[in-house]
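The structure under discussion appears below in the form of structure tokens.
The values are calculated or read from the model by the stated rules, or taken from the named source; none is laboratory data. This one's a predicted model, so the numbers in the text were calculated from it and none came from an experiment. Reconstructed Cβ throughout: ideal geometry from the backbone, glycine too, with neighbour counts over all protein chains shown.
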Amino acid sequence: MATPEEPRRRHVAPAPDRPWYLRLGWVVALGLLALIIGLVVGFVWATTRDYAILAANGREITQLTAEVHGLKHQLALARASEPHGNWWLWWLKAPFARLFLLMHL
């Protein structure tokens, strides 16, 4: 005896076997994961950029320190070679020498 065929049904999406809040949980979890990855990448990018800026500033500060040291050395040499015989000439030149040094700091 032949079994009766089931009547043909239209194609309908099967009803979800999980409640909606569990499906929404996956979306929230993936969103949080994307947020964490974005924060880590942004932090790494910002720190490497800051380190590059700090390194450039460090190089500039080192160069300026060397220049100031050189100027101090020049000032010490000028003071050592101060003409003791005609002190009035040095008294005249000293303010201009200090002004020259201050302009180059």
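For this structure, a couple of remarks:
- Which listed residue, of 77, 64, is out of contact with any Phe, Trp or Tyr (no Cβ under 7 Å at 6 or more places or on another chain), on the phi < 0 side of the Ramachandran plot, of a type in the set (A, V, I, L, M, F, W, C) and at pLDDT 80 or above: 64
- Filter result (over 8 Å from the mean Cα position of the chain (by Cα) and modelled with pLDDT under 85) within the range 45-60: 55, 56, 57, 58, 59
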